[in-house]
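The structure under discussion appears below in the form of structure tokens.
Please treat every number below as a calculation from the coordinates, not as lab data. What you are looking at is a predicted structure, and each value in this text was computed from that prediction instead of being measured. As a convention, Cβ positions derive from the backbone with ideal geometry for all residues, glycine included, and neighbour counts pool all protein chains shown.
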Amino acid sequence: MVKQMTSRERVQTALNHQEPDRVPLGMWMTLGAYKNFREYLGLTVKDQYPPGSTTWSMDVHVEPDVIEKLGLDVIRIGSSTPDGQGFKINENGFYVDEWSVPRKKVEYEGGYYMEDVNPPLKDATIADLEDYPWPDPTADGCWNGLEQKAKRLFTETDKALLAQFGRGGIYEQAKYLRGHEQILMDMILEPEFVHALFAKLCQVEMKFNEMGIKLIGKYLTQVRMSPEDLGNQDNLQISPKTFREMIKPYYTKSFGLASKLLKEQNPHAKLQFHSCGAIYAIVPDLIECGMEVSDPMQPIAKGVEPARLKQEFGDRLSWWGGIDVQRTLPLGTPEQVAAEVRTRIKEAAPGGGYILSSSHRCQPDIPSQNITTMYEAAKEYGQYPIKL
């Protein structure tokens, strides 16, 4: 048996491609699912969470009492909105974020999210980009209390801290500002505009990361870049050629700065990047950009089967996720959840490089029992050396 480690040691060892005492555990939930789960665990459920603590998708930072109760290893923290207030409501009843993107509240059983509408740069020209009200990463509202919180969690807990500072990204934010269909057409018809927009978004992303890393980088195990969904279920949203020509240069620049600043403060910390979907064709490109942890491991998207990823990239890349939120967790029995956990650990955990979590954010349709079963099974099967 490997000597028992603290959570921070466990995560760091795994991300260094070494075998810790057991597979590290993380969590990713929406607000609706989180409230349900807290009630299931017998913990206090708040009516309101602080402005800026959730995103348009209603992700929420899981609180330390849940993390302690389940024996998880990672606490997420991050920046807030420049004014520290979250969404504002405009005259049409839409919720407006810090990018001036209007969103409407779309409810579904057990929860809701904010769907972007009326993209504000749909008809913009390059000249219009200069006068647009871009978020200000230097605003006090982004950082109020963050340094104190990170220091407290670092000194008072043994958990690994994962921070995300960027609040929009490059390709992802362009979809909301320009329109999902329009930005794809622009890449072919208006490449000069796209490069001007991406350059501006890259500048904002880099400044968020610079501010955050300089503020609390010494406390962190991972920095998560702004999420950028590049894949669908069966393929990329754009061709590898278009990715390399239009997007990769900005990732290289943004990832490069974040990695440089992070390693200066904390040489062992890793850079994490999120993209859903069938991104196999550009995984080597993302590694070249500086991705060290891929988020999420999504087992049923085409071409990114966990065993394949581990075999081809396991010496250069670590993963977060792996337990399917599309079928197994919402629809499976506890026995089926435990079986998938066993399979995923067998595929992804040998040699380190794996943090087990849901393959995407947990939604309210996932039975709370299945969530607890996922972590109980991970502790049972995830002891090193793996003998499955």
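Distance between the pseudo-spin-label points of ARG244 and ALA199 (7 Å out from Cα toward the beta carbon): 2.3 nm. For ARG76, the residues whose modelled amide H falls within less than 5 Å of its own, excluding neighbours fewer than 5 places apart on the same chain, are VAL62, LEU162. Among ARG344, ARG38, ARG22, the largest mean-square fluctuation in a Gaussian network model of the chain (Cα springs under 10 Å) belongs to ARG38. In this simple spin-label model, placing a label point 7 Å from the Cα along the Cα-to-Cβ direction at both LYS151 and GLN85 gives a separation of 2.9 nm. When only the Cβ of Lys, Arg, Asp and Glu is charged (+1, +1, -1, -1), the dipole of segment 134-198 relative to its Cα centre reaches about 340 debye.
For segment 55-163, GluC sites (Glu not before Pro) meeting the loop criterion (DSSP other than H, G, I, E, B) and having at most 10 other Cβ atoms within 10 Å: GLU91, GLU109. For the residues LEU201, LEU261, LEU162, a GNM of the chain with alpha-carbon springs under 10 Å puts the largest fluctuation on LEU261. For ASP315 and HIS268, FRET efficiency with R0 = 22 Å and r from the beta-carbon atoms, rounded to 0.05? Working from the Cβ atoms, E equals 0.80.
Positive-end ranking of TYR176, PHE87, CYS362 along the dipole of the chain, with charges on Cβ about the Cα centre, is headed by CYS362. Largest GNM mean-square fluctuation across THR30, THR125, THR157, computed for the chain with C-alpha springs under 10 Å, falls on THR125. Neighbours of ARG8 by Cβ distance under 9 Å: Lys/Arg scored +1, Asp/Glu scored -1, total -1. Here the chain carries DSSP beta bridges of which approximately 40% are antiparallel, counting only pairs with both residues inside.
Taking each DSSP H run with n ≥ 4 as -39500 (n - 2.57) and averaging over every residue of the chain yields -12000 deg cm²/dmol at 222 nm. Potential lengthening of the chain between ARG327 and GLU39 amounts to 101.3 nm, from the contour at 0.36 nm per residue minus the alpha-carbon distance. Report, in degrees rounded to the nearest 10, the 0 to 90 angle that the Cα long axis of helix 248-265 makes with the longest principal axis of the chain. Relative to the chain, helix 248-265 is tipped by roughly 60 degrees. Taking the charge dipole of segment 107-211 about its Cα centre, with +1 at Lys and Arg Cβ atoms and -1 at Asp and Glu Cβ atoms, the residue from GLY111, GLY145, THR155 reaching farthest to the positive side is THR155. Based on the Cβ-Cβ distance of VAL2 and ASN144, what FRET efficiency does E = 1/(1 + (r/R0)^6) give at R0 = 30 Å, to the nearest 0.05? Efficiency, from the Cβ-Cβ distance: 0.15. Around the Cα centre of the chain, unit charges on the Cβ atoms of Lys, Arg, Asp and Glu (plus for the first two, minus for the last two) sum to a dipole of about 1140 debye. To the nearest ten degrees, helix 191-216 and the longest principal axis of the Cα atoms of the chain are 50 degrees apart. Once the C-beta distance of ASP136 and GLU376 is scaled by a Förster radius of 45 Å, the resulting FRET efficiency is 0.50 to the nearest 0.05. Counting Lys and Arg as +1 and Asp and Glu as -1 over every other residue whose Cβ lies under 14 Å from the Cβ of LYS207, the net charge comes to 0.
Among rounded, prolate and oblate, which fits segment 73-208 when a ≥ b ≥ c are the square roots of the eigenvalues of its C-alpha gyration tensor, a/c under 1.5 means rounded, and a/b larger than b/c means prolate? It comes out prolate by the Cα gyration axes.
Each part gets one Cα centre, and for segment 113-166 versus segment 238-316 those centres are 21 Å apart.
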